[in-house]
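Asker: Submitted below is the structure of interest, expressed as structure tokens.
The values are calculated or read from the model by the stated rules, or taken from the named source; none is laboratory data. All figures in this text were calculated on a predicted structure; none of them were measured in a lab. Here Cβ is always computed from backbone atoms with ideal geometry, including for glycine, and neighbour counts include all displayed protein chains. Remember, those area values only see protein heavy atoms, side chains included, never the ligands or the DNA or RNA. Shrake-Rupley method; radii C 1.70, N 1.55, O 1.52, S 1.80 Å.
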Amino acid sequence: MEQKPGSPITRRSPNYTAAEARQAILDRLAPIGGWERVDVRSALGRVLAEDVIAPCNVPAHDNSAMDGYAVRFADLAPQGESTLAIVGTAFAGKPFSGMVGAGQAVRIMTGAPIPQGADTIVVQEVTRAADGKVVVPAGQRAGQNLRRAGEDLALGGVALPAGKRCGPAELGLIASLGIAEVVVRRRLRVAFFSTGDELASIGKPLAPGEVYDSNRYTLFGALSRLGCDLIDMGVVRDDPPALEAAFRDASASADVILTSGGVSVGEADFIRELVNRLGEVAFWKIDIKPGRPMAFGRVGDAWLFGLPGNPVAVLVTFYQFVQDALQTLSGVSPLPEPALIHVECAETIRKQPGRREFVRGRLHLVDGRQTVRLAGAQGSGILRSMSEANCFIVLPEDRGDVQAGESVQVQIFDGLV
Ligand code: AMP
Ligand code: MG
């Protein structure tokens, strides 16, 4: 977790584009240390700490890809039909143990090992069988309809690379190799809290001027999806000694501290002074909407991401900046490709040039074509439209209004819904 030399967290201008901010963060991060050995099921959502090497071939032996007949290609006449004697049947799990000799065929089921002597599978649908004989038409290809031993995973090869996060396909792939345990990286420990004097905890009535603390639940959800170990530190008042204690506690036990609120111009000053006593933190103005202010740096031995307080801005900044940072710290490599597509926008969107806007959108299929619409009111405190959205319409810094029918870039939610 060491900061790379020659890359101070603070720089002269506090204004960043989204791309610059993202890169400035990723440039500084390296995976945390520590690993453990877990059984296959427990590897779901975990990041492989070492390559998984295939201890056997998958498939283990040459087998049939179709139901049909295993034959010797040399027995088939180039023109007209060939008649072969059926000498047995091969099932998946119950191979034919004999030999396929000249003029012979073995009835074979999908997945059954190819009997000795045979080299080609003729699919059942093109054949006629009667009286212990099968008639095969011309036009077969040598070696057709075979699955070769090791064609999926070859013995001794890298079946899965270190840095891969295991999903359902990876669990199945590991199991297909007969492997019972894998080595995964330690989970990232993330301490998180909300800041604000106006915040009330759920489950009790609101006093005048209070709002329920929703950000901690949003962040709980986002962090849980990433498989982090969570330390929920509750609400911390806008009170320097309380904040200082919270930052000290968090940095003593966590790899990452995630906060919401308190980074806007009006509030940032005392937090800036405080966290810079405990570490090195930059307060950035990022040219995005919603989201703008964000803090990034180190407090003690932990990385700090100070997100804005507005509930939608929390999700936007988490998605654009924090998620891949946490993936990197967790050892995920390479980072997943962003799910960006271009689609037709079905309505007009007002935009001033200047900032990159992440507009909550909803992808629809209209006459078989993807189009995107606004997902409702776009205020940065309005979570309902975030819930109704399934993508961000990403409008670059320099562009203005979008006219209905124009093509726009869309970032599909992956893990946010
Ligand atoms: P701040 O960034 O602290 O200035 O907060 C910006 C806005 O977000 C204010 O309207 C806050 O009341 C609201 N806010 C801050 N933190 C939370 C939270 N944890 N849950 C819900 N709203 C919040
Ligand atoms: Mg606040």
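Asker: Taking the stated definitions as given, is F192 within 16 Å of ligand 2 (Cβ to nearest atom) and part of a helix (DSSP H, G or I)? Before you say what the answer is, go through the steps one by one.
Answerer: Working: within 16 Å of ligand 2 (Cβ to nearest atom): yes; part of a helix (DSSP H, G or I): no.
No.
Asker: Step by step: first the residues of region 330-363, then only those that are among the charged types (D, E, K, R) and part of a loop (DSSP other than H, G, I, E, B), then the one that is surrounded by the fewest Cβ atoms within 10 Å (Cβ to Cβ). Which residue is that?
Answerer: First pass over region 330-363, keeping only residues among the charged types (D, E, K, R): 337, 344, 347, 350-351, 355-357, 360, 362.
If we keep only those that are part of a loop (DSSP other than H, G, I, E, B) as well, we get 337, 347, 350-351, 355.
Working: E337: 6, E347: 13, R350: 9, K351: 17, R355: 19.
The residue in question is E337.
Asker: Looking at region 93-125, which of its residues are of a type in the set (S, T, N, Q) and open to solvent by 30 Å² or more (accessible area, probe 1.4 Å)? Break it down stepwise before answering.
Answerer: If we filter region 93-125 for residues that are of a type in the set (S, T, N, Q), which is where we start, we get 97, 104, 110, 116, 120, 124.
Selection gives S97, Q104, T110, Q116, Q124.
Asker: Restricting attention to region 186-197, does a residue exist that is aliphatic (A, V, I, L, M), open to solvent by 10 Å² or more (accessible area, probe 1.4 Å) and either closer than 29 Å to G381 by Cβ or near ligand 1 (Cβ under 9 Å from one of its atoms) (or both)?
Answerer: no
Asker: Name the pairs whose Cβ atoms lie under 9 Å apart, with the first residue in region 257-272 and near ligand 1 (Cβ under 6 Å from one of its atoms), the second at pLDDT below 85 and of a type in the set (D, E, K, R), and 6 or more positions between them or separate chains?
Answerer: Matching pairs, first to second residue: G261/E267.
Asker: Sticking with this structure for a sec: Given the condition open to solvent by 70 Å² or more (accessible area, probe 1.4 Å) and in a loop (DSSP other than H, G, I, E, B), answer yes or no: does some residue in region 389-398 qualify?
Answerer: The answer is yes; a qualifying residue exists.
Asker: Which one of the conditions (1) closer than 17 Å to R216 by Cα; (2) open to solvent by 10 Å² or more (accessible area, probe 1.4 Å) does R277 fail to meet, given that it meets all the rest?
Answerer: Here R277 meets the rest and fails (1).
Asker: Any idea which of (1) more than 13 Å from ligand 2 (Cβ to nearest atom); (2) of a type outside the set (D, E); (3) under 21 Å from A313 (Cα atoms); (4) surrounded by fewer than 16 Cβ atoms within 10 Å (Cβ to Cβ) is the one V211 doesn't satisfy?
Answerer: Exception for V211: condition (1).
Residue-by-condition table, conditions (1) open to solvent by less than 10 Å² (accessible area, probe 1.4 Å); (2) of a type in the set (D, E, K, R); (3) within 16 Å of ligand 2 (Cβ to nearest atom); (4) more than 24 Å from the chain's Cα centre (by Cα):
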| site | (1), (2), (3), (4) |
| --- | --- |
| A282 | yes, no, no, yes |
| K285 | no, yes, no, yes |
| I288 | yes, no, no, no |
| G297 | yes, no, no, yes |
| G300 | no, no, no, yes |
| V316 | yes, no, no, no |
| F321 | yes, no, no, no |
| T328 | no, no, no, no |
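Asker: Here are some residues: G221, G234. Which one is under 30 Å from R165 (Cα atoms), within 16 Å of ligand 2 (Cβ to nearest atom), of a type outside the set (A, V, I, L, M, F, W, C) and exposed (fewer than 15 other Cβ atoms within 10 Å of the Cβ)?
Answerer: G234
Asker: Tell me the helices (runs of 4 or more DSSP H) entirely within region 237-323 that contain at least 1 residues that are among the aromatic types (F, W, Y).
Answerer: Hits in region 237-323: 240-253, 265-278.
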